[in-house]
Each structure stands twice: as structure tokens, then as C-alpha cells.
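Visitor: I have a structure I would like to understand better, so I am pasting it below and will then ask my questions one at a time.
The values are calculated or read from the model by the stated rules, or taken from the named source; none is laboratory data. Quick caveat, the model's predicted, so the values are computed rather than measured. Cβ coordinates were reconstructed from backbone atoms using ideal geometry, including for glycine residues, and neighbour counts include every protein chain displayed. The protein model used for the area step is the full one, side chains on, heavy atoms only, and it has no ligands, DNA or RNA in it. Shrake-Rupley method; radii C 1.70, N 1.55, O 1.52, S 1.80 Å.
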Amino acid sequence: MRKMFIINLILALSIILLSANTGMPPASTALSGDFYVSPEGSDRNPGTEEKPWKTIQKAANSVGPGSTVHIMAGTYYERVTINVSGVSAQEPVVFRNYQGDKVVIDGSQSDASVQEDLIHIANQSYVKLVGLEIANNVNEDPAYFVAGIGIWGKGEGIEIRNCKVHGIRYTGPAGKSGAHGIAVYGRDGAEPISGLIIDGCEIWDIQCGLGEAVALSGNVRDFQITGNAIHDNDNTGVALIGGGTFKGEPVCDGSDNMARNGFVGKNRIEKNSRAGNKSFPGADYGAAGIYADGAKDIAIAYNECARNDIGIMAGSEANDADCENIVIRNNVIYASNSCGIRVGGDARGGWASGCRVLNNTLYYNDKMKLGNGEISVVKSRDLLVSGNIFHAGGQNLCVSSEHFGKNNVYNIAFDNNLYYGPGGARGLRFKGADTGLVGLNMWKYHTKQDAGSKLADPKFADAARDDFRLLQNSPAIDLCDPAYMPAEGERDMDGNPRLIGKAVDCGAYEFILKE
């Protein structure tokens, strides 16, 4: 017996040494399967449905790939750090509400000195948050920049689906700090945060200070922000940032310090305005529904942007981070305070280059009569604006440019757009540094733009009820360049084929004759 014991001991030691020498990981002690959390549970329990854990943090420390954590109804006064990862899209770690229960993770009984984010995910992969409500992270200390959900470092396959985020507020000194509903900071210059999905969420009541309702900054790529309702926040709804900083330093080292290769689509983004945000005093109407700030290779499509300061913006506030190849197409933008679309870098920053503004419907923007019109162009190069409907508001101003035809705006192409306003042909205006305030014909003459564009009432189905579909006699039908062919599978705002008839229709909707 003693001899067999010695033999077995030698074999066991050999296996341990072999594992160490070959880099084999030790056997995982993480649990896998279905686990349960309830306010009536105990963290001494096994986490079964009959004997659930009490805290979400217990699950976030314990479960392994392929696990689903079912969180039962209740309010959890926790700040949760996700310390576990999945291994693939097929074997993620899922934290979700149990059977549609209302689950609230509430920060009102702790503060940012404990943890800045209510849910904190750093350097983890394949984690899904589903059906959770994240609320009440209020902070007045400028040392902390708070968030509802914070995703940091590197990782892939993080998904946030059907969650609600609200009551995240910075209440401290103006211009010193801020808050995000969802913050994604790719802090690793070598490995990105990739495969991020934010889908079907509602995000509101974010008192942003210097933050935004949703912010992606640093090394972030291959993301989707889709089907969300982002509304009633006091700064930008969705910010896609390049060249950004964190506490005064670049978010990450290297050339990949930018949000890139993404899709922002099918969102309703409404009432995001800096009015009342004390970090932006005075009449600062600079909050965008969606803002590509130094970002790259992003499609912004099928969004409804209503009553924001600016509907959609593509530019750059950083000198070393041009905003490149942003495609803004098939969006409906109306009732913005400042302008519908703004393209161009900050006067002290970088450029917008290679951007395209295609087949959008803009209606009654620049409500505050700031002289920006439906679309404002500054510090841009290689810009295409085509196939859009620009229906001006009370100012009768469609296009404005501070430097059109000068060194800061060049290689610009406007064509096959439909323009209109309440003043009709006599009242409609276009503004450029070389042209002054002129009508469409003089605009065409001076700028050599818009040769195939028209001035006519687009004949919307019911603009008073925010229905911007086209009537059968709309002049927008087939007005786009006949040579333009939409990408395979491209659809209009309603999901209909983008090409019906001789050419694509102007605006976000393709007219379909109903039988």
C-alpha cells in the first residue's frame, strides 16, 4: 500500500509540474449553469432557485462561462463589479432579470468613493446585461466621474440589452466633472473593446455636466448602438469620440485612440439639450443627438432625432483627430434648437473629411434662429451632400457655411437635394462666406453646387404629426441621381427597398403606392 501511495504521489506531482511547464491553466473553480439572486436570499446559499444568493456581487464573483444569473424582483442597493468573463458568444456570462421581473440596481445608499460606476466591467469579455434598471448614482465630488454602467480597458462581446439607465447625475462645481449613463473607455492601446452591443435600452435623466448620456472613447471598435430611446438628458445623447482624454491624459496610447467601425441605427433620440447644464453657461445649444467627434468609419442611419440642440454632428474637437468617413443616411431630424446636421471640425481642432450626408429628411430645425439652418458646414473636405430633403423653419434658411469656397471648406459636392421653406421660392435662403445670404439660383451660380437640386414643397404625409412619408405627388420621388445605386440590401426608414422606380427618392422614405 505504501508503495502504491508513493507511485500515485509521484504521478500527481508529475502532472502538476507538466502543467506548470506547458503553461496549462489550473482547473477552473468557477461555477457554470443557472443561478439565482433574490433580496430574500443569502450569499451562504448555493445560488439555486430554491436557495438563491442575496447579492448580485456574489454572482459576479462566482459564476463561469456559459452561466446565466437570474435576478429576481427587487431593489438591490449595490455597486457591482463584474469579475467574470464568458469565453465566446455561445458561452457568455449573462446577468438578467428573472422572468421579466423589475430589477433595480440603486446607488442611492452608497457614493462614488466606493465605486464610480453602478455596474463596473473592466477587462472582461462576453458579458451580457439584460432587462436591468440602473438608477440613482448622484455625485457632487469633482474627483469622480460617475456612470450607470462603465466598461473599461479591453475585452470583446459585451452586450447591454433592454436595460433602463436613469438618475445618473453630477451635481458638483460646473466644468469640473460629469456623469454618463453608459461609459465605454478603451484604455488599452494594443487590444480594443470590440463587439460591443447596446440595444433596446432606455436612457434618460442623465445630468451630464461634462459627460454624455452614452459615450464611447478610446480604443473601441466594431460596435452597434441600435433600437434605443435616449431622451431628456442635458448633453449629447450618443458621443463617439476620437482623441479623447481621461483625467487630462489620452484615453489610450497609440493611433487607435478613437471609436471606429460602428453602426448607430434605429434609435429614437429626443430632447438632449444643454439648456440648464451649468457646465455650458449662456445660450449654448451644442448638445447633439448623435455626435461623431474625431471618430472614424461609422454609419449613422435610420435614427429619429427630434428636439435636440443639434440632430447629428460629425466633427472633431481635437487637433490630432480628424473625423473621417462618417456616413449619415436615412435619418429623420426635426425641431432641433440649433441645426439639423452639422459637419465640420472645431475651429481650434481637426477636420471632418470624407463624410457623406445621404437621403435624410430635415424639417423645421434651428428653432432658436441662430443662423445655422437645416445643415451647417464648417472646416470640412471631401464632403458629399445628396438626396436629402431640407425643409427650412421660420428663418427660411437651408444651408449655412462659415467658409464655403475658402480654405476651410473644399472638395464639397451638394446635389440632387430638395429644398423648401415657409417662404417658398422667394423667401428661401442659403448662406456662405463668399455668397452672403442668397436664394437657390444665386447659390447655384456662386458655388457651382446643387445643379440637380430643386426647390419645391416635398408634400409630406402629415408633418404636423411628425409623419414625413411622401405623398404620391411629391417632387422628391425619383429625384436622386439616377446613377446612384444603394448598397445591396439597403432599406429606407420604414424597411422598404431603397430603390423603387427610376431612381431613389429624396429623403429618408421611399414612396410606395398602396393598392
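Visitor: Arrange the peptides 355-368, 495-508 so that the one whose residues have, on average, the most other Cβ atoms within 10 Å appears first.
Guide: 355-368, 495-508
Visitor: While we're looking at this one, here's another question. Under 20 Å from a point 7 Å along the Cα-to-Cβ line of Ala89: which residues of the stretch 223-251 have their amide N that close?
Guide: The answer is 223-228.
Visitor: Taking the chain as the reference, fit the longest principal axis to its C-alpha atoms, fit the long axis of helix 2-22 to the helix C-alpha atoms, and give the angle between the two in degrees, 0 to 90, nearest 10.
Guide: Result, in degrees: 20.
Visitor: Kindly flag which residue pairs out of Lys296/Lys369; Lys367/Lys459; Lys266/Lys431; Lys247/Lys296 have an alpha-carbon separation exceeding 29 Å in this structure.
Guide: From Lys296/Lys369; Lys367/Lys459; Lys266/Lys431; Lys247/Lys296, over 29 Å: Lys296/Lys369; Lys266/Lys431.
Visitor: Considering only protein heavy atoms and a probe of 1.4 Å, how much of the accessible area of the chain is carbon and sulfur, as a whole percent?
Guide: Its accessible area is 49 percent carbon and sulfur atoms.
Visitor: If you take every DSSP beta bridge fully contained in the stretch 242-314, what fraction is antiparallel? Give it as a percent rounded to 5.
Guide: 20 percent
Visitor: How big is the dipole moment of the chain about its Cα centre under a simple scheme where the beta carbon of each Lys and Arg is +1, that of each Asp and Glu is -1, and everything else is neutral? Debye, nearest 20, please.
Guide: 280 debye
Visitor: Also: How long is the gain from Asn441 to Arg426 if the chain were fully straight, where each residue apart is worth 0.36 nm and the alpha carbon distance is subtracted?
Guide: Contour length minus the Cα-Cα distance gives 4.3 nm.
Visitor: Mind grabbing the base-10 log of I(q)/I(0) for the stretch 232-349 at q = 0.12 Å⁻¹? Debye formula, identical points on the C-alpha positions, no solvent, two decimal places.
Guide: The calculated log intensity ratios at q = 0.12 Å⁻¹ are -0.40.
Visitor: Of the labelled options (1) 23.4, 73; (2) 23.6, 83; (3) 26.1, 107, which one gives Rg and Dmax of the Cα atoms in Å as computed for this structure?
Guide: Computing Rg and Dmax of the Cα atoms in Å and matching it to (1) 23.4, 73; (2) 23.6, 83; (3) 26.1, 107 gives (3).
Visitor: Given a Förster distance of 22 Å, report the FRET efficiency between Asp415 and Leu471 from their Cβ-Cβ distance, rounded to the nearest 0.05.
Guide: Computed FRET efficiency for Asp415 and Leu471 comes out at 0.40.
Visitor: Quick one: net charge of Trp204's neighbours, Cβ under 14 Å, K/R +1, D/E -1?
Guide: Details: positive: Lys164, Arg169, Arg268, Lys271, Arg307; negative: Glu133, Glu202, Asp205, Glu212, Asp232, Asp234, Glu270.
Residues near Trp204 contribute -2 overall.
Visitor: May I pose another question? Give me the accessible area per residue for the chain, probe 1.4 Å, as a whole number in Å². Don't skip to the answer; put the middle values down first.
Guide: Working: 21630 Å² over 515 residues.
Counting only protein heavy atoms, the per-residue value for the chain is 42 Å².
Visitor: Semi-axes of the equivalent ellipsoid of the stretch 324-456: what are they in whole Å, largest first, if each equals the square root of 5 times a C-alpha gyration tensor eigenvalue?
Guide: Semi-axes (√(5λ), whole Å): 20, 16, 15.
Visitor: Additional query: Any number yet on Rg/Rh for the stretch 82-197, C-alpha, Kirkwood? Working shown, then result.
Guide: Numbers: Rg = 14.5 Å, Rh = 14.7 Å.
Over the Cα atoms of the stretch 82-197, Rg/Rh equals 0.99.
Visitor: Got the relative contact order for the stretch 241-356 handy, in percent, Cα pairs under 8 Å and 6 or more residues apart?
Guide: 25 percent
Visitor: Given 0.36 nm per residue, what is the gain on full extension from Glu50 to Asp101 after removing their alpha carbon distance, in nm?
Guide: Full extension of this stretch gives 16.7 nm more.
Visitor: Whole Å is fine, so just give me how far the alpha carbon centre of the stretch 292-318 lies from that of the stretch 419-442.
Guide: Rounded to whole Å, the Cα centres lie 25 Å apart.
Visitor: How far, in nm, would the chain grow between Ser113 and Asp320 when pulled straight, counting 0.36 nm per residue and subtracting the alpha carbon separation? Intermediate values should be presented prior to the final figure.
Guide: Details: separation 207, 0.36 × 207 = 74.52 nm, distance 3.36 nm.
Contour length minus the Cα-Cα distance gives 71.2 nm.
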